[in-house]
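The values are calculated or read from the model by the stated rules, or taken from the named source; none is laboratory data. Everything numeric here is computed off the predicted structure, so don't read it as measured data. Because the Cβ atoms are built from the backbone with ideal geometry, glycine has one as well, and the counts that use them run over all protein chains shown. Note: accessible area is taken over every heavy atom of the protein model, side chains too, but ligands, DNA and RNA are not part of it. Shrake-Rupley method; radii C 1.70, N 1.55, O 1.52, S 1.80 Å.
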Amino acid sequence: MLREVNFDGIIGPTHHFGGLGVGNVASQSNRARVSRPRDAALEGLNKAWLIAQLGIPQVLLPPLMRPDRDFLSSLGYKGNLSSQLKEAYETEPQILSAAMSASAMWTANAATVSPTTDTADGRLHITPANLISSLHRAQEARERTEMFRNLWHSSDDVVVHDPLPSVLQMRDEGAANHLRLCDSTGERGIEIFVSGDSESGEFHTQRFAIRQTWATGKAIRRLHKLDPQRCFQLQQSAQAIDTGVFHNDVISTAHEHLWFMHEVAFTEDDTNFAEIERVFENRTATRMKRIVIHSSELSLLAAVKTYLFNSQIVTLPKEDPREPSRFHWIAPQQCEANPDSRALLERWCRDSELSLEKLHYVSLQESMSNGGGPACLRLRIPLNRQQMSSLPPGLFLDAEQYHRVHDWIVKWYPEHLALSDLTDVMLVEHLQQAVLAYPYRSYFVRPARDEFHTI
Ligand code: SUG
């Protein structure tokens, strides 16, 4: 039996609206709005706490140190911190925004993960995403890689690869473009890699750039030593990308044998899906339940606005691995406000075949305004018993951790933030101290790194 652990990125104290998300309509339309970092972080924490309270293992990843002064320096902003901030703001404010971004909160983009039971060497493979489609996100890869490596430094059965080379052919945005369908023990599964281009590298978007390539899927399949018979690659439809579906998890989601997808999510047709269903059934002895949502039920635009497909589906803990799974569905509040998405959710909850026991609407207004829903904030890592027990017990979110993190946020985070505030060196130093003061940082960051960053 594998247990799914959810790793959520804590929303960092520099959270602001930079309008930086490529093809991300929410981020672009909220550019320069005054943000509420404290509320943002508390919303994210409360979502993670809900999962933990359902009995599902939950880990919080610390925010990254911003700005990375070397990053500013590499772009020509030298000198002390104060002059770096001021010069960047005065000459190219979008560079200051990128340097200050809290985008590492969206950990669905942190990495692609293949559990032990999918890989030929029986090890858990993690490839941190290079996120090279945008300046603000590309900076995340190095620190997140170090964090995963520190967490698993003594485990031989976990491989943390280097991110793929930082070149356009290898654009990688992690698990947001990766689906794993499996049986109810989590052990037997298939993996699906989704890209914006086709196998020959073609794409026909008119409005927005693609963020993930087919070649990336191929490389990760090799690195993770996946069985080619149990892997698939699909292409996102150009119409979806151009409507604001910058990641596949905005239009399709899978959990165990359930796969929800909008009818215009992919370019592939029913023949391809029938083949995936056949392989899944052979592998798992379970019938896949593929639910296709038609535009007449929920328009593409409404899917992007409500983030229905970015809901988080979780399995409640089991006494015995053979027990059938019971699911809870965590949807953003925007889905409740929209009659079409609400009707779909209510219908699915009534459908006994789906075993959806409960629906939770969560408030993630600040993250949603930058294009990130409940599923964007978490990376799922399925662990076997040994991998579970080798993690330090204090790592998992419990009541004590919840209260400590809550108090840390209330103590350190600003209530409001605009980009111009981030030229104030005193404030920025305070926000850096906040990151260093995160009470569980030492699980992920070696002290030497902190010394290097200390102002
Ligand atoms: O990459 N937004 C993120 C949202 C990522 C959502 N993740 C998933 N769908 N899994 C992005 O576009 C906005 C930052 C800003 O504008 O300040 C941003 O980066």
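Kindly evaluate residue 354 against the criterion of being touching a residue at least 60 places away in the same chain (Cβ under 8 Å) and in contact with a strand residue (DSSP E or B) (Cβ under 6 Å, 6 or more places away or on another chain).
No, not satisfied.
Exactly one condition in (1) within 13 Å of the ligand (Cβ to nearest atom); (2) crowded, with 19+ Cβ neighbours inside 10 Å is false for residue 31; which is it?
(2)
Only one residue in 114, 154 is among the small types (Gly, Ala, Ser), touching a residue at least 12 places away in the same chain (Cβ under 8 Å) and crowded, with 18+ Cβ neighbours inside 10 Å, so which one is that?
Result of the check over 114, 154: 114.
Which residues, counting only those in the stretch 157-174, are open to solvent by less than 30 Å² (accessible area, probe 1.4 Å) and within 16 Å of the ligand (Cβ to nearest atom)?
172, 173, 174
Scanning the stretch 117-144 for residues that are closer than 18 Å to residue 229 by Cβ and in contact with a Leu (Cβ under 9 Å, 6 or more places away or on another chain), which turns out farthest from the ligand (Cβ to nearest atom)?
120
Looking for something under 25 Å from the mean Cα position of the chain (by Cα) and open to solvent by 60 Å² or more (accessible area, probe 1.4 Å) - is there at least one such residue anywhere in the stretch 294-312?
yes
Check whether at least one residue in the stretch 347-366 is open to solvent by less than 10 Å² (accessible area, probe 1.4 Å), in a loop (DSSP other than H, G, I, E, B) and at pLDDT 95 or above, and report yes or no.
Checking the stretch 347-366: at least one residue is open to solvent by less than 10 Å² (accessible area, probe 1.4 Å), in a loop (DSSP other than H, G, I, E, B) and at pLDDT 95 or above.
Among (1) open to solvent by 10 Å² or more (accessible area, probe 1.4 Å); (2) in a loop (DSSP other than H, G, I, E, B), there is one condition residue 43 misses while meeting the rest; what is its number?
(2)
In this structure, does residue 191 turn out to be of a type in the set (Asp, Glu) and either touching a Pro at 6+ places or on another chain (Cβ under 8 Å) or crowded, with 22+ Cβ neighbours inside 10 Å (or both)?
yes
Which ones in the stretch 367-381 are on the phi < 0 side of the Ramachandran plot and either within 11 Å of the ligand (Cβ to nearest atom) or over 17 Å from the mean Cα position of the chain (by Cα) (or both)?
Result: 367, 368, 369, 370, 372, 373, 374, 375, 376, 377, 378, 379.
Report yes if residue 420 is among the small types (Gly, Ala, Ser), open to solvent by 10 Å² or more (accessible area, probe 1.4 Å) and within 30 Å of residue 32 (Cβ to Cβ), otherwise no.
For residue 420, the condition - among the small types (Gly, Ala, Ser), open to solvent by 10 Å² or more (accessible area, probe 1.4 Å) and within 30 Å of residue 32 (Cβ to Cβ) - is met.
With the requirement that a residue be closer than 15 Å to residue 42 by Cα and either of a type in the set (Val, Ile, Thr) or in contact with a Lys or Arg (Cβ under 8 Å, 6 or more places away or on another chain) (or both), what does the stretch 396-431 give you?
405, 409, 410, 413, 414, 415, 416
Among the residues of the stretch 175-202, write down those that are of a type in the set (Val, Ile, Thr) and within 16 Å of the ligand (Cβ to nearest atom).
Within the stretch 175-202, 192, 194 meet the criteria.
Considering only residues that are within 29 Å of the chain's Cα centre (by Cα) and open to solvent by 50 Å² or more (accessible area, probe 1.4 Å), look in the stretch 67-88 and name the one that is nearest to residue 12 (Cα to Cα).
69
Filter the stretch 242-289 down to the residues that are among the β-branched types (Val, Ile, Thr), assigned to a helix (DSSP H, G or I) and either surrounded by fewer than 19 Cβ atoms within 10 Å (Cβ to Cβ) or away from the ligand (no atom under 16 Å from the Cβ) (or both) and list them by number.
Residues satisfying the conditions are 271, 276, 279, 284.
Go through the stretch 89-103 residue by residue and tally those that are open to solvent by less than 10 Å² (accessible area, probe 1.4 Å) and assigned to a helix (DSSP H, G or I).
The number of residues fulfilling the criteria is 5.
Are there strands (runs of 3 or more DSSP E) fully within the stretch 115-225 with at least 2 residues that are closer than 20 Å to residue 249 by Cα? List them.
By residue number, 124-128, 178-182, 189-195.
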